[in-house]
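Quick notes on the structure that follows.
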Amino acid sequence: MSYDLRFEIDPELYQRAVTTPLDGPVSKDRRALYNIAAMVLFPASIFCFNRALFAPDALVAMCFAAVFGAGMVLVVWWRQHGRLVKHHKAYNETGGTQEMTVGPDGIKASRPMIRSEIDWGFVRAVRGIDGASLIELPTARLIVPDAALPEGVTQASFVEQLESWRTA
């Protein structure tokens, strides 16, 4: 059994799909730990530098450095997140009808100028959101709108079938 799908993705659905967090593998937890470590270590390094150069009782400068460092980490994260969303949006704006064959051997997807063959071992997670099913890869997300599913196939059964192929 396989699914032969043909569809176009609504820009609003695409925006919602690329900004929806997925419960992914451990690597996402590591990224969060790296961000937390940076948020702690950056202000601490400024504090140590401040203590070495200025008076040991410079509490105001230390507090300013801590707030500034934490703010810088958040600004960098927000900027990277914005770039990722713009990248996904630009990918979606290549336009055209997507054709996708999903089966036990993997996923074959094509659209104008792009052709992909994806083995299930490369898929990190599969999940449904309001209006679509998401297939998360390490480098992108494939979006299958609910309207593209064959008649009689629900999102829940589609996601369940994909998950069984992914974990087989």
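Here, each number is a calculation from the coordinates, and none is a lab measurement. Everything numeric here is computed off the predicted structure, so don't read it as measured data. Here Cβ is always computed from backbone atoms with ideal geometry, including for glycine, and neighbour counts include all displayed protein chains.
Remarks
- Per-pair calculated FRET efficiency, R0 = 35 Å: A38 and A147 via Cβ, rounded to 0.05: 0.25
- Checking every one of the GluC sites (Glu not before Pro) in the stretch 86-168 against DSSP loop status and a limit of 14 other Cβ atoms within 10 Å picks out E93, E151.
- Residues whose amide H lies under 5 Å from that of R124, counting only those 5 or more places away or on a different chain, are E136, L137; hydrogens are built 1.01 Å from N in the peptide plane.
- In this structure, E117 and E12 have a Cβ-Cβ separation that, at R0 = 35 Å, corresponds to a calculated FRET efficiency of about 0.75.
- Taking amide H as placed 1.01 Å from N in the peptide plane, the amide H of A132 sits under 5 Å from that of D146, each at least 5 places away or on another chain.
- For a label point 7 Å along the Cα-to-beta-carbon line of T101, residues of the stretch 1-16 with backbone N under 16 Å: 1-7
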